[in-house]
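Student: Here it is: the structure, laid out below.
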């Protein structure tokens with residue numbers, strides 16, 4: 001009798017769902033772990049993918065780590081994937097080290113760039129001019145977290161351009177942006193490690209210093225990397241990560257949303273996903 005009543009109740013609930021349009025809650029499909037570095041671009045892309053996978057019924061955890069740890073976590077299988085591998089220059093040394101232990105799903109964003117950035121009012125235009133003007137920059141290049149590929153590349157740049165009297169200041173993306181803001185407010189000269197896409201280019205008039213030696217390389221791209229075995233373990237997740245691709249305009253929109261007062265990466269990602277369903281559907285298997 002109890003079994004019959006239970007079945008009857010389930011049939012009634014199913015009928016209500018069909019007649020009212022209410023969808024039953026999706027059953028949990030498993031846990032997914034995405035690693036990322038807390039750069040503005042990586043935060044934006046990782047949380048967007050998190051929302052998309054959550055909508056498919058997965059329990060998605062996003063794990064902020066240093067760049068080296070991000071690559072290591074994919075190679076060891078401790079994390080399932082990342083959508084923020086800067087190539088061929090910034091993270092090139094990590095790819096060389098781990099390429100046999102990870103799966104490269106290819107580019108998800110074109111048109112990125114790294115280099116040294118100054119406010120537009122600074123009257124030099126080349127890295128080659130930094131040495132003669134080091135004192136105007138307080139003998140400092142304002143950097144980000146020490147594990148970033150951009151920092152190791154900048155160390156090479158400073159050596160090759162004879163900038164031994166200048167110090168590369170370690171910090172984070174946030175401290176770099178704060179230093180840039182203070183300098184611009186006082187119209188002081190400052191040089192920072194920079195990359196595109198980044199919200200700072202929408203907020204202030206900035207320019208890259210020319211790199212005549214070509215050490216920073218040309219245009220870069222961002223790729224998706226996943227652990228070995230993900231395709232077999234979670235084929236739907238693998239398919240989404242394999243299809244994920246967007247434009248600098250898309251990611252800049254999310255980054256700017258994240259800069260608004262009271263914003264959170266999760267809320268911004270949810271809003272962007274809800275407003276761009278035509279693109280999101282192209283990522284779905």
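Student: Counting alpha carbon pairs within less than 8 Å and at least 6 residues apart, what relative contact order, in whole percent, applies to the chain?
Tutor: It rounds to 27 percent for the chain.
Student: Follow-up question, since we're still on this one. Starting with the fewest neighbours, write out 247, 89, 43 ranked by other beta-carbon atoms found within 10 Å of each beta-carbon.
Tutor: Least to most surrounded, the residues fall as 247, 89, 43.
Student: Further question on the same structure: In degrees from 0 to 90, rounded to the nearest 10, what is the angle of the helix 149-160 Cα long axis to the longest principal axis of the chain?
Tutor: Value to nearest ten degrees: 10.
Student: Something else now. Over the chain, what lengths in whole Å, largest first, do the semi-axes of the equivalent ellipsoid take, defined as the square roots of 5 times the eigenvalues of the alpha-carbon gyration tensor?
Tutor: Output for the chain: semi-axes of 44, 21, 14 Å.
Student: Right, next: Using the beta-carbon distance between residue 266 and residue 110 and R0 = 35 Å, what value does 1/(1 + (r/R0)^6) give for FRET efficiency, to the nearest 0.05?
Tutor: My answer for the efficiency is 0.85.
Student: Suppose a student asked you for the relative contact order of segment 113-208, using Cα pairs under 8 Å spaced at least 6 residues apart; what percent would you report?
Tutor: In percent, rounded to a whole number, it is 49.
Student: Stretched out fully, how many nm does the piece from residue 174 to residue 133 gain, at 0.36 nm a residue minus the Cα gap?
Tutor: Separation in residues times 0.36 nm, less the Cα-Cα distance, equals 12.2 nm.
Student: Moving on. Given the Cα atoms of segment 178-223, and with Rh set as the inverse mean 1/r over their pairs in the Kirkwood sense, what is Rg to Rh to two decimals?
Tutor: 1.00
Student: With the Cα gyration tensor of segment 113-208 in hand, convert its eigenvalues to equivalent ellipsoid semi-axes via √(5λ) and list them largest first in whole Å.
Tutor: Over the Cα atoms of segment 113-208, the ellipsoid semi-axes are 18, 16, 12 Å.
Student: Here's another thing I want to ask about it. Taking the chain as the reference, fit the longest principal axis to its C-alpha atoms, fit the long axis of helix 265-275 to the helix C-alpha atoms, and give the angle between the two in degrees, 0 to 90, nearest 10.
Tutor: The angle comes out at about 70 degrees.
Student: In nm², what is the average projected area of the convex hull enclosing the Cα atoms of segment 122-266?
Tutor: Mean projected area for segment 122-266: 10.8 nm², to one decimal.
Only the coordinates and a few stated rules stand behind these numbers; no lab work does. Owing to the predicted nature of the structure, the values given are computational and were not obtained by experimental measurement. For neighbour counting, all protein chains shown are included, and Cβ atoms are generated from backbone atoms with ideal geometry for every residue, glycine included.
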